Amino acid sequence: MYKKQLILVVSLFLGFLLNFPSLSSAYNRADRRSYQRSIVDVRSRLNPRFKKVKRKKTKYIIVHTSELGLKTTLRVVSKGKRLRNGRTTPGGHAHYVIARNGRTYRILDKKFEADHAGRSMWNGKADISKISIGIELVGYHYAPISESQYRSVGKLIDILQKVYGLDDRAVLTHSQVAYGKRNRWFKKSHRGRKRCAKNFIRAKAQLGPTWTYDPDVRSGRLLADSQLAEVYYGRRGYYAKTEDANVISKRNTAWSIAGEDYDSRTTAYKFPGGRIYTGDQISENVGWSRIPAKTVVLLNQENSLSLKKSDGPIKTISDSLTAWSFAGQAYNQKTTIYFLPSGRIKFGSMISDWDDLPAETRLIVGYRGPYTLHKDRSAFLIAGHKYKDRKTIYYLPSKKLVAGDRIENFDRLPAGTLIFLPYT
């Protein structure tokens with residue numbers, strides 16, 4: 001009798017477990033279904049040159065940061081990217097893209113291989129792309145990932161883990177698995193080829209801890225990258241610090257910011273004085289050891305023309321230059337002022353996220369105003385002796401934005417012109 005009761009209790013308990021959401025999951029069935037219905041399917045945009053190959057095994061989920069804005073990220077992962085030799089890839093560089101607002105795009109069916117990890121290794125196994133799913137988070141490894149992205153990527157990972165039977169340690173970032181060949185910083189193959197998603201905070205995606213060591217470094221297959229080793233296997237919380245992370249300093253070298261792309265023509269170096277060099281120009285024109293502190297490093301700039309156009313106090317957002325590229329963490333402060341193509345003016349405090357702003361939006365960083373020009377209030381009365389200064393910005397009723405040193409006749413400025421003054 002006792003034995004039958006025990007069997008009945010065990011059966012009821014097992015039935016409860018089978019019909020109840022996993023205790024280790026932060027999401028219930030309704031969460032997952034709602035999220036799956038919200039995914040935007042853009043598989044039709046895939047480059048026809050891309051050859052679909054079914055993945056034989058799925059051992060990992062790799063999280064990336066795209067190092068671009070949304071529009072360019074979607075184009076690059078679907079259509080392909082330009083290589084150093086001038087050739088282009090056939091696309092298929094991710095399975096999913098998650099925008100800053102949390103919207104998820106399906107680039108490629110999860111059953112196919114995506115060329116997302118490049119030269120990579122984990123626990124002795126090379127070419128991780130063949131055994132993994134790639135998720136791109138729109139943004140930069142030196143900028144915070146949005147809370148909306150964390151919610152979406154957490155749900156997506158939860159779904160994929162259940163499909164493929166993966167635990168939390170199977171979720172890695174691109175910077176963890178990528179490796180490079182010897183270069184001026186390393187004498188042999190090494191970690192640090194990519195910085196992708198080193199700012200990814202696992203707990204915000206409802207994930208447990210990552211590995212406590214790098215198996216390929218421990219075995220001697222690869223040399224460690226000191227900064228990434230500190231991020232993943234050193235004191236916790238370091239990776240959450242993103243302030244000035246793309247600015248050259250004693251700690252931040254060209255390598256620690258750009259990885260293998262440090263000398264690429266698509267990496268732009270903007271010196272404190274305003275001069276701009278591409279990565280392939282530094283060695284001959286400057287020298288790697290002579291890059292000045294406070295140089296800003298920008299990745300994935302297919303050409304530096306748009307960056308040069310944004311030289312001076314007036315900046316212009318483009319597909320490759322976002323508000324974060326220019327303002328950094330000040331993008332949502334009141335002192336950062338945006339001039340939208342529609343003519344509307346927005347202060348940074350009115351912006352929910354830096355990737356929401358359309359291309360051709362102009363901005364100024366570190367300004368106060370506006371002060372309105374009229375017949376009883378001249379530019380001189382508003383700006384003093386700096387009314388002709390290049391840092392004094394005039395916004396004309398015609399929607400034209402002009403620096404003070406570009407105005408020939410101040411008497412002809414129309415009433416209603418707005419004046420913005422820099423904080424000093």
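The values are calculated or read from the model by the stated rules, or taken from the named source; none is laboratory data. Nothing here was measured: the structure is a model prediction, and the numbers come from that model. Cβ coordinates were reconstructed from backbone atoms using ideal geometry, including for glycine residues, and neighbour counts include every protein chain displayed.
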Can you name the number of the only condition in (1) surrounded by fewer than 24 Cβ atoms within 10 Å (Cβ to Cβ); (2) in contact with a Gly (Cβ under 7 Å, 6 or more places away or on another chain) that GLY192 fails?
(1)
Conditions (1) free of Cβ contacts under 8 Å to residues at least 40 places away in the same chain; (2) out of contact with any helix residue (DSSP H, G or I) (no Cβ under 8 Å at 6 or more places or on another chain); (3) crowded, with 18+ Cβ neighbours inside 10 Å; number of the one not met by THR89
(3)
Report whether or not ASP263 is among the charged types (D, E, K, R) and under 21 Å from ASP167 (Cα atoms).
no
Those residues of the stretch 137-156 which are over 12 Å from PHE200 (Cβ atoms) and outside any loop (DSSP other than H, G, I, E, B), in sequence order
GLU147, SER148, ARG151, SER152, LYS155, LEU156
Boolean, PHE420 is among the aromatic types (Phe, Trp, Tyr), loosely packed, with under 15 Cβ neighbours inside 10 Å and over 22 Å from the mean Cα position of the chain (by Cα)
no
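Which of the following residues is touching a Phe, Trp or Tyr at 6+ places or on another chain (Cβ under 8 Å) and either assigned by TED's automatic domain parsing to the domain that holds TRP211 or within 21 Å of ASN199 (Cα to Cα) (or both): ARG75, ARG87, ARG151, ARG106?
ARG106
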Is one or more of the residues making up the stretch 117-132 in contact with a His (Cβ under 6 Å, 6 or more places away or on another chain), surrounded by 24 or more Cβ atoms within 10 Å (Cβ to Cβ) and not hydroxyl-bearing (Ser, Thr, Tyr)?
no
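Out of LYS399, LYS346, LYS334, which single residue is part of a loop (DSSP other than H, G, I, E, B) and under 14 Å from LEU418 (Cα atoms)?
LYS399
For the stretch 96-136, enumerate the residues that are part of a loop (DSSP other than H, G, I, E, B) and in contact with a Leu (Cβ under 6 Å, 6 or more places away or on another chain).
ALA99, ALA114
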Does the stretch 385-393 contain at least one residue that is of a type outside the set (Gly, Ala, Ser), assigned to a strand (DSSP E or B), more than 19 Å from the chain's Cα centre (by Cα) and outside the structural domain of THR266 (by TED's automatic domain parsing)?
yes
Could you pull out the residue among VAL163, VAL177 that is modelled with pLDDT of 95 or more, of a type in the set (Val, Ile, Thr), farther than 20 Å from THR89 by Cα and crowded, with 24+ Cβ neighbours inside 10 Å?
VAL177
Contacts under 6 angstrom Cβ, first residue in the stretch 396-411 being under 15 Å from TYR371 (Cα atoms), partner small (Gly, Ala, Ser), 6 or more apart:
PRO397/GLY416
Here are THR253, THR267: which of them is in the same structural domain as VAL296 (by TED's automatic domain parsing) and surrounded by fewer than 22 Cβ atoms within 10 Å (Cβ to Cβ)?
THR253
Total residues in the stretch 200-231, condition of a type in the set (Ser, Thr, Tyr) and either outside any loop (DSSP other than H, G, I, E, B) or within 15 Å of SER189 (Cβ to Cβ) (or both):
2
If only one of TYR331, TYR338 is free of Cβ contacts under 8 Å to residues at least 40 places away in the same chain and in contact with a Lys or Arg (Cβ under 7 Å, 6 or more places away or on another chain), which one is it?
TYR338
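Taking ASP311 as the residue in question, decide whether it is touching a helix residue (DSSP H, G or I) at 6+ places or on another chain (Cβ under 6 Å) and either at pLDDT 90 or above or closer than 30 Å to TYR395 by Cα (or both).
When the stated conditions are applied, ASP311 does not pass them.
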